[in-house]
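Visitor: So that we are looking at the same thing, I have put the structure below in structure tokens.
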Amino acid sequence: MQYLLQFTSLVLFSFILGSCTKEAGEGGSSTLKGRIYGYDINTSGIVTDSAVVQDARVYISYGDNTTVDDDTRSSYTGEYAFRGLQKGTYTIFVYSQCNDCPFNQEVKKQLVEITEKNQEVVVPDFIIFD
């Protein structure tokens, strides 16, 4: 009986200790932010114009996830932000036009890491084609 009680206590302690570890995702105090730039290209493939892209959809995956965990849209200045994140690794991605790609679009991804609480990580600019 005493061994059963000790084993149960050990399992319960391990469960409580394991549930205190936080992984990448919401519930923290850090921010990932960046900007989206767009290039217009003509049928010859020549860039005809460039500017920040407003209202572009930006996606985020937490840790090793291969699915979308959240998304946001860029502001009129092309900026976006994901706030309230834990320490961990994140994949930020957007879609860009690509005439030689399936469905005429390609994924542009960036892997970023938050290493401490209250951190503000600036993601390198995304360049997309329209």
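Visitor: Looking only at residues that are of a type in the set (A, V, I, L, M) and modelled with pLDDT of 95 or more in segment 32-45, which one is nearest to V123 (Cα to Cα)?
Guide: Restricting to residues being of a type in the set (A, V, I, L, M) and modelled with pLDDT of 95 or more, the top hit is L32.
Visitor: Right, another one. Cβ-Cβ distance below 8 Å, separation of 6 or more or different chains: which pairs start in segment 43-61 with a residue that is in contact (Cβ under 8 Å) with a residue 60 or more places away in the chain and at negative phi and end on one that is part of a loop (DSSP other than H, G, I, E, B) and exposed (fewer than 14 other Cβ atoms within 10 Å of the Cβ)?
Guide: V53/D130
Visitor: Of all residues being closer than 20 Å to I128 by Cα, among the polar types (S, T, N, Q) and modelled with pLDDT of 95 or more in segment 75-107, which is surrounded by the fewest Cβ atoms within 10 Å (Cβ to Cβ)? Just the residue, please.
Guide: This residue is T77.
Visitor: Now a separate question. What is the one condition in (1) part of a strand (DSSP E or B); (2) of a type outside the set (K, R); (3) within 20 Å of T115 (Cα to Cα); (4) more than 10 Å from the chain's Cα centre (by Cα) that S96 does not satisfy?
Guide: Tallying (1) part of a strand (DSSP E or B); (2) of a type outside the set (K, R); (3) within 20 Å of T115 (Cα to Cα); (4) more than 10 Å from the chain's Cα centre (by Cα), S96 fails exactly one: (3).
Visitor: May I pose another question? Those residues that are modelled with pLDDT of 95 or more and hydroxyl-bearing (S, T, Y), I need them from segment 46-66; list them, please.
Guide: Hits for segment 46-66 are Y59, S61, Y62.
Visitor: Using beta carbons and a limit of 8 Å, which pairs, at least six apart or on different chains, have the first residue in segment 94-112 and closer than 15 Å to V58 by Cβ and the second one surrounded by 11 or more Cβ atoms within 10 Å (Cβ to Cβ) and basic (K, R)?
Guide: Listed by first residue and then by second, the contacts come to V94/R57; V94/K108; Y95/R57; Y95/K108; S96/K108.
Visitor: Name every residue in segment 48-70 that is assigned to a loop (DSSP other than H, G, I, E, B) and either hydrophobic (A, V, I, L, M, F, W, C) or closer than 21 Å to V112 by Cα (or both), in order of residue number.
Guide: Within segment 48-70, V53, A56, G63, D64, N65, T66, T67, V68, D69 meet the criteria.
Visitor: Now for a separate question. Output the residues belonging to segment 30-74 that are of a type in the set (D, E) and crowded, with 16+ Cβ neighbours inside 10 Å.
Guide: D69
Visitor: Can I ask one more? Is there a residue being in a helix (DSSP H, G or I) and not β-branched (V, I, T) anywhere in segment 19-32?
Guide: yes
The values are calculated or read from the model by the stated rules, or taken from the named source; none is laboratory data. These figures come from a predicted structure and were not determined experimentally. Backbone-built Cβ (ideal geometry, glycine too); neighbour counts: all protein chains shown.
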